[in-house]
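Everything on this sheet refers to the single structure shown next.
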Amino acid sequence: MSLDKLNQIERPSRYLGGELGSTTKDLSTVDLRFALAFPDVYEIGMSHLGFAILYHILNDCDWIAAERCYAPWPDMEALLREKNEPLTSLENQLPLNQFDIVGFSLQYELSYTNILNMLDLAGIPRRREQRNGDDPLVVVGGPCAFNPEPIADFFDCAIIGDAEEAVVELCATVREAKKENISRTELFVRLSQIEGVYVPSLFEIDYTDDGSIESIRPESDEYSVVKRRFINDLDAAPFPTKPIVPFMNTVHNRVAMEIARGCTRGCRFCQAGYIYRPVRERSPQKIADLLADSIANSGYEELSLLSLSTGDYSCIEPLLKGLMDRYAEDNVAVSLPSLRVGSLTPELMEQIKKVRKTGFTLAPEAGSERLRKAINKGISEEDLLIATRNAFELGWRLVKLYFMLGLPTETDADLAAIIDIADRAKKTGKGTQGGANINVAVSTFVPKAHTPFQWEAQLSLEETERRQELLKENLKKKKLRCKWHDAPLSMLEGVFARGDRRLSAVLEKAVDLGCRFDGWRDHFRFDLWQQAFADCEIDPNWYLRRRETDETLPWDHIDCGIPKQYLLQEREKAVSGEETPDCRHGTCSQCGVCDFEELRMRYAQAGEISFPPADREEPTADETFRYRMTLRKSGRGRFVGHLEYITLLLRAARRAGLPLRFSGGFHPKPKVSFSDALPTGIASEAELLDLELTRQISEEILRQQLNRQLPEGFQILECRQLYWKTASPSASIKGSTYRLPLTNGSHPHLQERIDQFLQSESIEFTRRKKERPVQFDLRPDVIGIALDGNTLELTLRKGNPFGVIAWLLEIEEEAARQLAVTKTAIIVKETAGQNEAEHEHEN
């Protein structure tokens, strides 16, 4: 879709491409085109680390072009359908149906409708049997691929487990198949020979009269089970150090570093804890090296240490202290998103306090000691209360507690225990400065494949809502806030989490009825899902039922590496309340995943961590050096909003290594100032930016350094040093000039309209704000209007030009926003401060 049409949608920066760190190859020079498709909106997909890792691995192969595509928001979908244009990639704007492979990331069951919708928008037939050799190969991967059966009729193959190596082998197989011009059927057979690749067409499913699965029949005895793919050593695994830096603010807008994969805790409800075993930790030195490159190449002001339980990382305290000591002077914050009560030592909390100054989150999951033992949570009530007391004493004012309702064997007494422990946790902050608050968040337990609870029943919709009301009412009495997950969303997640191939018909029907973005509360249409189930004569509650232990499960031919017998043993322990010790500190639990040679627990070893030295010079005393830049915004740059533009420039300054001066206080910020916001969609030759530095730099060198770090669509045209008391850009400007090219003869009466406007004392105009009409006078803000041939020029004191253009051309303001307007110049006020600056600059 052309850039000019992006003014018709909100958040056009979702669809721009061309971000720093992205790769756009000449497609005529590659053998294979791979579209990485994320079935959610851009700001969610761009926050997913696995997606970024695969993007860089694929593009590191000179014979592969990997490009990205995200689910279009409803306004963009409507525009694509209205214009009859296909869904395209960001990099080369290539329609998805022209790729060799389209790979979807399966992170969440409620994104499945988006997958089908993206196939529809791309012009790719939904079902595997409808596609032929001219259509892309549709591949899926991610945690939901461990039970991919509900969407098995829609994809050609799945990568089960770690994809870093398997995805390149898959691409090599497809490349050879293209050269040999073999059939799609023969390609499927070849793909099945790659370890970790599941080809659903090579399995037939039989059902009994009662609806359960009678058998899963492989076409070949040699391909009866699909074994999960493993990366043995995380230090040897590829990791991108030139992350894509988005124009817009994404959900996790920072450097993300995976410090470990896998977890040894063994929480019996947690699918990730089983499907990512064994624990493989990166060495502290490797982490330090990767982070140094990633921060330098991105300009991010925050880094995040990721794993299933970051606090359990073997060297977390020296690593965290080293990172904070190294990056504190650069004002780069460090965050730890996943912490466990049992891993929170006072020393670790002291370090966290330096960077986490808002909420502190703990996840006891269950309220009673009995139920925590049943789920193998491994923390006591005393542990939790000590952690909350320490948090409040160290200065936190808010602690968030996460619980689950509907866990196996749960009773109302266990729910009462949630209320009690939350209340007592709040009391541990009594007497601390600033008060103490507890927020409670409650999700609904959803049984997942490959866990000890995969056989358990999920609460019905009605029972879920009853228990939620019980908690909400009683927590309110204790003056405790409560958030919860909507019961219909949890119900639908549970249906697809343990569903089978028969659900494909329901999924198709739901998409046809209009279901999209089901994980978003504002877009979820439970009524349409109910209609889809009814039309397909499928009872969703049947999929929430308890399974028999000898029942064939839809995912039994997917081997996650842990035998079913071990999961059954853990289930029996849950019923009896017996805990399984963490094998990180105790004896091996004999889960069966390790071979104790190549595939084994790999823990980071303590040792000195060497951080690359900071590349900075000492500031020149307390003197401030102020520079004013004039910038151009053009092409895709004109669709980057003002706040996004500010962030983009600050990160460019960080990447350039500029000695930025920061404000004081609790949250230091770079001392910069900008001219007033330019309306999205307008190009500009005259945007102003003031930077304050701690040492003097040549104006031309400064301009060149910044330009090297700016993405396409942004350019610094001029840089000059100012007297430090010069007025800010917004205070320096008394007018702006805009240019609009017109088609010859398209507005024969325009000069008359211009004369009428300029001769009038007031021009009433109606603009819609938040769906309400608002009247105001256009005339006071207009300095001048001129028609030069086929070019309209406006000079305004302030505000955007669209209202004036709409009045002059006799069109709607929304239509005016689609026109190619450029801000060509600014009129600067003459002030004493600026004259001093110019005098100082000349000397």
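A Förster distance of 30 Å, applied to the separation of the beta-carbon atoms of ASP330 and VAL251, puts the FRET efficiency at 0.80.
Just need the relative contact order of the range 531-615 here, percent rounded to a whole number, with Cα pairs under 8 Å and 6+ apart.
On the way: 22 pairs, mean separation 16.5, N = 85.
19 percent.
Rounded to the nearest 5, the antiparallel percentage of DSSP beta bridges internal to the chain is 55%.
Using the Karplus relation 6.51 cos²θ - 1.76 cosθ + 1.60 with θ = phi - 60°, the per-residue 3J(HN,Hα) values for the range 525-530 come to 10, 5, 5, 5, 5, 4 Hz, with x marking Gly and Pro.
Over the range 696-843, the ratio between the Cα radius of gyration and 2.2 N^0.38 Å evaluates to 1.31.
Given a 1.4 Å probe and the protein chains as shown, HIS667 ends up with an accessible area of around 110 Å².
Taking every DSSP beta bridge that has both ends in the range 81-234, the antiparallel portion is near 45%.
The figure for SER760 is an accessible area of roughly 30 square angstrom, using a 1.4 Å probe on the protein chains alone.
For SER215, SER314, give me the order by solvent-accessible area with a 1.4 Å probe, most accessible first, ignoring ligands, DNA and RNA.
From most accessible down to least: SER314, SER215.
Helices in the chain, meaning DSSP H runs of at least 4 residues, each add -39500 (n - 2.57). Divided by all residues, the mean residue ellipticity at 222 nm is -9000 deg cm²/dmol. Rounded to the nearest 5, the antiparallel percentage of DSSP beta bridges internal to the range 243-388 is 20%. Here the label points at ASP235 and SER663, each 7 Å from Cα along the C-beta direction, are separated by 4.4 nm in the simple model. Prolate is the label for the range 658-767, because a/c, from the alpha-carbon gyration tensor with a ≥ b ≥ c as root eigenvalues, is 1.5 or above and a/b exceeds b/c.
Between LEU513 and SER215, the simple spin-label model (points 7 angstrom out along Cα→Cβ) gives 3.6 nm.
Rounded, prolate or oblate: which fits the range 100-240, taking a ≥ b ≥ c as square roots of the Cα gyration tensor eigenvalues, rounded meaning a/c under 1.5, else prolate when a/b beats b/c? It comes out rounded by the Cα gyration axes.
Solvent exposure of the range 45-92 amounts to 33 Å² per residue of accessible area, where only protein heavy atoms count and the probe is 1.4 Å. The mean accessible area for residues of the range 567-709, using a 1.4 Å probe and ignoring ligands and nucleic acids, is 51 Å² per residue.
As a test of reading the structure, rank GLU258, GLU180 by solvent-accessible area (1.4 Å probe, protein chains only), most first.
Sorted descending by solvent-accessible area, the residues read GLU180, GLU258.
What a 1.4 Å probe finds exposed on the chain is 47% carbon and sulfur by accessible area, rounded to a whole percent.
Under 19 Å of direct C-alpha separation, and excluding same-chain neighbours fewer than eight residues apart, LYS769 reaches these lysines: LYS798. Determine the gain in length on full extension of the stretch ASP420-LEU750; use 0.36 nm per residue of separation and subtract their C-alpha separation, reporting nm with one decimal. Extending this stretch completely gives an extra 111.5 nm. Between the helical axis of 642-655 and the longest alpha-carbon principal axis of the chain there is an angle of about 80 degrees. Could you tell me the calculated FRET efficiency between ASN790 and SER183, based on Cβ-Cβ distance and R0 = 60 angstrom, to the nearest 0.05? Efficiency for this residue pair is about 0.55. Overall, the anisotropy analysis places the chain in the prolate class: the square-rooted eigenvalues a ≥ b ≥ c of its C-alpha gyration tensor yield a/c not less than 1.5, with a/b exceeding b/c. Approximating the spin labels as points 7 Å out from Cα along Cα→Cβ, the ARG481-to-GLU812 distance works out to 4.0 nm. Its relative contact order, with pairs defined as Cα atoms under 8 Å and 6+ residues apart, puts the chain at 11 percent. For the chain, the longest principal axis of the alpha carbon atoms and the long axis of helix 832-842 meet at an angle near 90°.
Residues whose amide H lies under 5 Å from that of CYS482, counting only those 5 or more places away or on a different chain, are VAL440; hydrogens are built 1.01 Å from N in the peptide plane. Per-residue Karplus couplings for the range 218-235, computed as 6.51 cos²θ - 1.76 cosθ + 1.60 with θ equal to phi - 60°, are listed in order as x, 5, 10, 5, 6, 10, 9, 9, 9, 7, 4, 8, 10, 9, 6, 10, 5, 5 Hz, Gly and Pro entered as x. Note on THR587 and GLN759: the extension gain reaches 53.0 nm, defined as 0.36 nm multiplied by sequence separation minus the Cα-Cα distance.
Here's how it looks for ILE733: its modeled amide H is under 5 Å from those of LYS829, which are all 5 or more places away or on a different chain. For the range 241-349, a simple Cβ point-charge model (Lys and Arg +1, Asp and Glu -1, everything else neutral) yields a dipole of about 620 debye relative to the Cα centre. In the chain, the longest principal axis of the Cα atoms and the axis of helix 166-180 are about 80 degrees apart. Computed extension length for LEU742-GLU700: 11.5 nm, one decimal, from 0.36 nm per residue of separation with the Cα-Cα distance subtracted.
Under 5 Å from the amide H of GLN715 lie the amide H atoms of ARG632, each residue being 5 or more positions distant or on a separate chain, with H modelled from the backbone and absent for Pro and chain starts.
Give the cross-link partners of LYS476 among the lysines, using a straight C-alpha distance below 27 Å as the criterion and excluding same-chain residues fewer than 8 apart. Those lysines meeting the cut-off are LYS357, LYS377, LYS400, LYS426, LYS427, LYS430. Dipole magnitude for the chain: about 2640 debye, using +1 per Lys or Arg Cβ and -1 per Asp or Glu Cβ, origin at the Cα centre.
The values are calculated or read from the model by the stated rules, or taken from the named source; none is laboratory data. Computed from a predicted structure; not experimentally measured. All Cβ positions, even for glycine, are placed from backbone atoms using ideal geometry, and neighbour counts span all protein chains on display. Each accessible area value is taken on the protein alone, full model and side chains, heavy atoms only, with ligands, DNA and RNA left out. Shrake-Rupley method; radii C 1.70, N 1.55, O 1.52, S 1.80 Å.
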